[in-house]
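The values are calculated or read from the model by the stated rules, or taken from the named source; none is laboratory data. The model shown is predicted, which means the values in this text are computed figures rather than measured ones. FYI the Cβ positions are ideal-geometry reconstructions off the backbone, even for glycines, and counts take in every protein chain you see. When the accessible area is computed, the model is the full protein with side chains, heavy atoms only, and any ligands, DNA or RNA have been set aside. Shrake-Rupley method; radii C 1.70, N 1.55, O 1.52, S 1.80 Å.
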Amino acid sequence: MTLKTRLLAGVLFTALATPAVAADMTVGFSQIGSESGWRAAETSVSKVEAEKRGITLKIADAQQKQENQIKAIRSFIAQGVDAIFLAPVVATGWDAVLEEAKDAEIPVVLLDRSIETKDPSLYLTAVTSDSVHEGEVAGKWLVDTVAGKSCNVVELQGTVGASVATNRKEGFAKGIAGADNVKIIRSQTGEFTRAKGKEVMESFIKAEGGGKTICALYAHNDDMALGAIQAMKEAGLKPGTDILVVSIDAVPDIFKAIAEGEANATVELTPNMAGPAFDALAAYKDGKAPPKWIQTESKLYTKADDPMGQYDARKSLGY
Ligand code: AHR
């Protein structure tokens, strides 16, 4: 199957699948932690999706540590769960534990991040966005917005070694490629958290003459952007005007910031990864092979998209 056909199959699977039932199942979910608003939303949406289907969901919070995720997977195997969801904190180092799950005939579904493995049969399917595309959408938005004006960009990267951090960096570089006026002048990890995003932005501002030479911030998630917005305000800068802000996730707080003119754009990542994952498991139980990649949508939002309406809609979904 070509990449294009696989992609299409994934999108169609998400769009067309009738909510499948996988009741009487126990699923163990090795969750990364609660580093961002998006992550907390993914955890609560997963619980709701499990409840809707009568599935018992056991969540293990790994506190950002791969070793804790490996321990949790081993514990789920020992408990004899029917399936395992894994949101992998980093991309590498999973083969040994996933082989143990395979030997125990427990299907593993990757949620929101991908892994690097020589043996793709170690997982059933991956429910993720195209995170290279997300970065590219953000980069293109910036190129269009500055319309030929010179623009120095500072970048806040996600967790080092996470697939989404690598891909969002690559995607943004792709999005600005060919626009010689747009240049990344500083790039550092903010670990996907508000606190670290603020701290790193403070150092960027200091190093760039109080922020005068910075035209835009690209953050790999909204939480780091929100921390950075705080740092800009404390430095006497006007976020959204003096420094443009574009990020990824579409959490409620970024819509508030967009409505207030303190952020400019965000690319949505749905927190509902578990819904399509449960449907894939139900299909698998019925003998149907789900596509290897179930792709979720990535939509750009700006001030033109009724940010307070978007805020309210997400809040009512339990964000
Ligand atoms: O893997 C998804 C990313 O992880 C989200 O964009 C970020 O907020 C989270 O921590």
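Within segment 183-199, the set of residues being open to solvent by less than 40 Å² (accessible area, probe 1.4 Å) and in contact with a Lys or Arg (Cβ under 9 Å, 6 or more places away or on another chain) comprises 189, 190, 192. Checking each residue in segment 157-171 for being within 11 Å of the ligand (Cβ to nearest atom) and part of a helix (DSSP H, G or I) picks out 163, 164, 165, 167, 168. Exactly one residue out of 94, 141 is within 21 Å of residue 197 (Cβ to Cβ), of a type in the set (Phe, Trp, Tyr) and either surrounded by fewer than 17 Cβ atoms within 10 Å (Cβ to Cβ) or at pLDDT 95 or above (or both), and it is 141. Is it the case that residue 174 is more than 16 Å from the ligand (Cβ to nearest atom), among the basic types (Lys, Arg) and touching a residue at least 12 places away in the same chain (Cβ under 8 Å)? For residue 174, the condition - more than 16 Å from the ligand (Cβ to nearest atom), among the basic types (Lys, Arg) and touching a residue at least 12 places away in the same chain (Cβ under 8 Å) - is met. If the condition is being assigned to a helix (DSSP H, G or I) and in contact with a Lys or Arg (Cβ under 9 Å, 6 or more places away or on another chain), then segment 206-218 contributes only 207. When restricted to residues that are farther than 18 Å from residue 142 by Cβ and away from the ligand (no atom under 12 Å from the Cβ), segment 190-205 contains 7.
Would segment 67-87 turn up any residue that is in the same structural domain as residue 36 (by the TED database), in a loop (DSSP other than H, G, I, E, B), within 16 Å of the ligand (Cβ to nearest atom) and not basic (Lys, Arg)? Break it down into steps so the answer makes sense when it comes.
Pass one, segment 67-87, residues in the same structural domain as residue 36 (by the TED database): 67-87.
If we keep only those that are in a loop (DSSP other than H, G, I, E, B) too, we end up with 80-82, 87.
Filter again for within 16 Å of the ligand (Cβ to nearest atom), leaving 87.
When the remaining residues are screened for being not basic (Lys, Arg), the result is 87.
Checked segment 67-87: at least one residue is in the same structural domain as residue 36 (by the TED database), in a loop (DSSP other than H, G, I, E, B), within 16 Å of the ligand (Cβ to nearest atom) and not basic (Lys, Arg).
The set of residues from segment 117-152 being in a loop (DSSP other than H, G, I, E, B), assigned by the TED database to the domain that holds residue 76 and free of Cβ contacts under 8 Å to residues at least 40 places away in the same chain comprises 117, 118, 119, 123.
Considering only residues in segment 181-216 that are more than 18 Å from the chain's Cα centre (by Cα) and touching a residue at least 60 places away in the same chain (Cβ under 8 Å), the one that is nearest to residue 258 (Cα to Cα) turns out to be 216.
What do you reckon, is residue 114 in contact (Cβ under 8 Å) with a residue 40 or more places away in the chain, within 16 Å of the ligand (Cβ to nearest atom), surrounded by 18 or more Cβ atoms within 10 Å (Cβ to Cβ) and not hydrophobic (A, V, I, L, M, F, W, C)? Here the answer is yes, as residue 114 does meet what is asked. Residue 263: under 30 Å from residue 109 (Cβ atoms) and aliphatic (A, V, I, L, M), yes or no? Judged against the criteria, residue 263 is not a match.
Within segment 285-304, which residues are part of a loop (DSSP other than H, G, I, E, B) and either acidic (Asp, Glu) or modelled with pLDDT of 95 or more (or both)?
Residues of segment 285-304 part of a loop (DSSP other than H, G, I, E, B): 286-292, 296-299.
Result: 286, 287, 288, 290, 291, 292, 296, 297, 298, 299.
Of all the criteria given as (1) open to solvent by 10 Å² or more (accessible area, probe 1.4 Å); (2) in contact (Cβ under 8 Å) with a residue 12 or more places away in the chain, the one not satisfied by residue 288 is (2).
Does segment 219-269 hold any residues that are within 16 Å of the ligand (Cβ to nearest atom), assigned to a loop (DSSP other than H, G, I, E, B) and more than 15 Å from the chain's Cα centre (by Cα), and which are they?
Within segment 219-269, just 263 meets the criteria.
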